[in-house]
Amino acid sequence: QVQLVESGGGLVQAGGSLRLSCAASRRTSSNYAMGWFRQAPGKERDFVAGISWNGYSTLYADSVKGRFTISRDNAKNTVYLQMNSLKPEDTAIYYCAARSGILTMWPSTYSDWGQGTQVTVSS
């Protein structure tokens, strides 16, 4: 099991940027894919971005392509989500998740989750 702690959320104006971080309690570089998901009030938890254990493969939701970038620093057991050109519709709680194995975009395939960090984008 991996404990995950997100940070970096906050309030930002539309067009602004934020960088989220997700620190893992132990080494995840060997075989853990990592993902970022988000959940707005009254909506399902949606995939945002994911990265393979070695960082060679990434996936993005269509809604964030070209604006968000996921990366990882395995030496620090940390995954990042750089969010640029933020829009009000990006407002949600953002969750970091880990799974052993290949990268997927399905929340049900991830075994470990952080507590989430709130991102609010004002218009």
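The values are calculated or read from the model by the stated rules, or taken from the named source; none is laboratory data. The shown structure was predicted, so the numbers you read here are calculated from the model rather than taken from an experiment. Backbone-built Cβ (ideal geometry, glycine too); neighbour counts: all protein chains shown. The area values use the complete protein model at the heavy-atom level, side chains included, leaving out ligands, DNA and RNA. Shrake-Rupley method; radii C 1.70, N 1.55, O 1.52, S 1.80 Å.
Checking segment 69-77 against the condition returns no match, with no residue being at pLDDT 95 or above, hydrophobic (A, V, I, L, M, F, W, C) and closer than 17 Å to V12 by Cβ. Sort out which residues of segment 35-73 are touching a Phe, Trp or Tyr at 6+ places or on another chain (Cβ under 8 Å) and either of a type in the set (A, V, I, L, M) or part of a loop (DSSP other than H, G, I, E, B) (or both), and write them in order of number. Residues satisfying the conditions are R45, V48, A49, W53, L59, A61, I70. The residue that is least open to solvent (accessible area, probe 1.4 Å), counting only those in segment 5-51 that are farther than 21 Å from A75 by Cβ and acidic (D, E), is D46.
Residues in segment 100-123 that are open to solvent by 30 Å² or more (accessible area, probe 1.4 Å), closer than 16 Å to D46 by Cα and of a type outside the set (V, I, T): L103, M105, W106, P107, S108, S111, W113, Q115, Q118.
Here the condition is being among the hydroxyl-bearing types (S, T, Y) and open to solvent by less than 20 Å² (accessible area, probe 1.4 Å); of Y80, Y94, Y60, it holds for Y94 alone. Quickly run through segment 24-55 and pick out the residues that are within 15 Å of S111 (Cα to Cα) and touching a residue at least 60 places away in the same chain (Cβ under 8 Å). Within segment 24-55, A24, T28, N31, Y32, A33, M34, G35, W36, F37, R45, F47 meet the criteria.
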